[in-house]
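Taking it in order: structure first as structure tokens, then the write-up.
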Amino acid sequence: MKKITIKNTKTKIKVGKMICVGRNFADHAKELGNEVPAKPVVFIKPASSIIYSGEKIIQPKFSDNLHHEVELLLLIGKDIKDANIRNAEEAIIGYGLGLDMTLRDIQNEARKKGDPWTVAKCFDTSAVISEFILKKDYNLTLDEEIILKVNNNIRQKEKLNKMLFKPIEIVEYISSLMTIEKGDVIFTGTPAGVGRVVQGDVLTASIGDILELNCEVI
Ligand code: ZN
């Protein structure tokens, strides 16, 4: 069973499903040759794909193009369905930082064939998550920068307010599609600068000075 740790506490929360949004930064949609969507693109990662900061990403043998995608994560604190803006806002109880590791070669094949992205997105170690901070302890303004470095070189760096769909809108929209439950985590999409990593690369990421993670590819 995978659990989220709340920063500076002993509180642990069991993770349910992880719902991910794709193409939520215009520059990233363009760099992969995609249109900017009218509605968020939605897919799922299983909790079994989680590793924690400090652990190792294992590149699967069936791919040779492993990409990093750094993202703001939302922690959901209550069950909601067909939420309005106020309910959506109340349902978000915390924030985290994550890597949505993606097998870009497999994903590109799937896109061509119209197949689902499951193999490209759900492999073990494909979701790296930080400790989370509770919303009551930190007011996220979206002026914060999200940054990913590989071997200390900046690859992704963007203000969170460049998101096309903001956290509350994402939660409201997803809740119109499916029930979001307490313990679910939402990946809010990655900014431009995604790229390949290989064995031995060290990834470090941060949001402002409140959230950070690191991991190595093996
Ligand atoms: Zn992503």
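Looking at the range 28-40, is at least one residue free of Cβ contacts under 8 Å to residues at least 24 places away in the same chain and among the acidic types (Asp, Glu)? Scanning the range 28-40, I find at least one residue that is free of Cβ contacts under 8 Å to residues at least 24 places away in the same chain and among the acidic types (Asp, Glu), so the answer is yes. Among the residues making up the range 26-40, those that are over 17 Å from ARG111 (Cβ atoms) and of a type in the set (A, V, I, L, M) are ALA26, ALA38.
Filter the range 6-15 down to residues that are open to solvent by 30 Å² or more (accessible area, probe 1.4 Å) and touching a strand residue (DSSP E or B) at 6+ places or on another chain (Cβ under 8 Å) and give me whichever is farthest from the ligand (Cβ to nearest atom). Here the residue is THR11. When ILE44, ILE93, ILE76 are checked against the criterion of being out of contact with any Ser or Thr (no Cβ under 8 Å at 6 or more places or on another chain) and within 13 Å of the ligand (Cβ to nearest atom), a single residue qualifies: ILE44.
Taking the conditions (1) of a type outside the set (D, E, K, R); (2) within 17 Å of the chain's Cα centre (by Cα); (3) over 22 Å from VAL42 (Cβ atoms) in turn, GLY200 satisfies each one other than (2).
Within the range 94-209, considering only strands (runs of 3 or more DSSP E) that don't extend past its boundaries, which have at least 2 residues that are in contact with a Pro (Cβ under 7 Å, 6 or more places away or on another chain) and either buried (at least 19 other Cβ atoms within 10 Å of the Cβ) or touching a residue at least 60 places away in the same chain (Cβ under 8 Å) (or both)?
153-159
The values are calculated or read from the model by the stated rules, or taken from the named source; none is laboratory data. Every value quoted in this text rests on a predicted model; they were computed, and no experiment measured them. Backbone-built Cβ (ideal geometry, glycine too); neighbour counts: all protein chains shown. When the accessible area is computed, the model is the full protein with side chains, heavy atoms only, and any ligands, DNA or RNA have been set aside. Shrake-Rupley method; radii C 1.70, N 1.55, O 1.52, S 1.80 Å.
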